[in-house]
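Values in this text are rule-based calculations from the coordinates and carry no lab data. The model shown is predicted, which means the values in this text are computed figures rather than measured ones. Here the Cβ positions follow ideal geometry from the backbone for every residue, glycine too, while neighbour counts run over all protein chains shown.
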Amino acid sequence: MFAISNLSKHFGGVQAVDHINLTAKQGETVVLMGPSGCGKSTTIRMINRLIEPDEGSIFFDSIDVTTLNVTELLAMRKRIGFVFQHFNLIARLSAIENVMLGLVMGNVPREVAYEKAKIALIKVGLEKELQKKPNVLSGGQQQRVAIARALVLEPELILWDEPTASLDPMLVREVLLIMEELAKYRASTMLVVTHELSFALNVADKIILMDKGKIVETGATQDIFLNPTSNVGQNYKALIEYQMNASKLVLVK
Ligand SMILES: Nc1ncnc2c1ncn2[C@@H]1O[C@H](COP(=O)(O)OP(=O)(O)OP(=O)(O)O)[C@@H](O)[C@H]1O
Ligand SMILES: [Mg+2]
């Protein structure tokens with residue numbers, strides 16, 4: 001069980017996140033959506049305190065992350081995976097070395113780390129790319145290495161901040177498919193910031209819509225997109241209808 005209570009953050013005069021509450025059950029996939037600047041990244045980054053909250057609590061297995069000291073926080077971060085928009089791979093290391101790094105730094109013996117990293121890379125379909133450096137991998141492959149790097153630590157919670165946003169549209173699908181598989185498997189709770197409506201529609205157990213730092217709507221996918229009550233929800237509904245009509249036109253031709 002994961003829960004955020006009354007969480008807030010301001011930057012100067014901007015209230016980036018304004019007293020929000022949310023919960024996720026073990027294994028659930030929760031999708032966080034909303035217009036640019038509404039506070040999605042700030043929210044997700046406060047969960048492992050890459051950004052320090054001004055106020056509020058973040059409960060992870062009844063432990064309040066905001067009360068942890070540095071050592072405790074580092075231990076907690078091992079239980080929370082993070083996949084960013086930019087992959088942040090280390091250029092001089094091969095795919096498998098990038099994935100092993102977190103384990104090796106946590107004093108896991110190299111041979112054990114190698115085998116675990118190999119399994120994680122196989123899971124994301126990169127069994128042939130183990131020894132390749134990031135610069136010879138496509139954007140989609142690099143992001144899949146970044147996903148393997150998160151998975152190898154067997155996180156109980158995975159935070160995703162627009163993991164497909166820097167990818168060529170043709171490569172987006174391969175990353176979304178991996179995410180869908182992980183969601184189905186339900187080994188980790190997933191909190192996903194994404195603009196990918198198809199992922200939200202197909203995979204989310206719950207959708208949370210934000211606007212101007214506040215949560216404006218929360219609910220099951222169908223309810224949110226079929227009968228939205230917020231302006232943001234209505235905009236997404238209109239966007240879905242537009243995309244459905246556009247694809248019908250193509251299919252008819
Ligand atoms: N480090 C910072 N310093 C000052 N203002 C910030 C900082 N980080 C975020 N903000 C502001 O806080 C608000 C929320 O930003 P945030 O990055 O959380 O939005 P977002 O929903 O992730 O947007 P996007 O969809 O564009 O990624 C914005 O007004 C942003 O300009
Ligand atoms: Mg963001």
For this session: Output yes when any residue across region 37-51 is surrounded by fewer than 18 Cβ atoms within 10 Å (Cβ to Cβ), aliphatic (A, V, I, L, M) and not in a loop (DSSP other than H, G, I, E, B), and no when none is.
Result: no
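Residue-wise test of (1) buried (at least 21 other Cβ atoms within 10 Å of the Cβ); (2) over 21 Å from Lys118 (Cα atoms).
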position	(1), (2)
Val136	no, no
Ile147	yes, no
Thr164	yes, yes
Tyr185	no, no
Thr189	yes, yes
Ala204	yes, yes
Thr218	no, yes
Problem set entry | Among (1) assigned to a strand (DSSP E or B); (2) away from ligand 1 (no atom under 13 Å from the Cβ) - the single one Asp18 does not satisfy | (2)
Problem set entry | Residue check, Val31 within 16 Å of ligand 2 (Cβ to nearest atom), closer than 17 Å to Gly213 by Cβ and not in a loop (DSSP other than H, G, I, E, B) | no
For this session: Quickly run through region 219-231 and pick out the residues that are over 24 Å from Pro169 (Cα atoms) and either in contact with a Lys or Arg (Cβ under 6 Å, 6 or more places away or on another chain) or within 16 Å of ligand 1 (Cβ to nearest atom) (or both).
Result: Pro228, Ser230, Asn231
Seminar exercise, completed: Of all helices (runs of 4 or more DSSP H) fully inside region 124-235, the set with 3 or more residues that are within 15 Å of the chain's Cα centre (by Cα) is 139-151, 169-185, 197-203
Seminar exercise, completed: Within region 178-208, the residues that are touching an Asp or Glu at 6+ places or on another chain (Cβ under 7 Å), away from ligand 1 (no atom under 16 Å from the Cβ) and in contact (Cβ under 8 Å) with a residue 24 or more places away in the chain are Ser188, Thr189, Val203, Asp205, Lys206
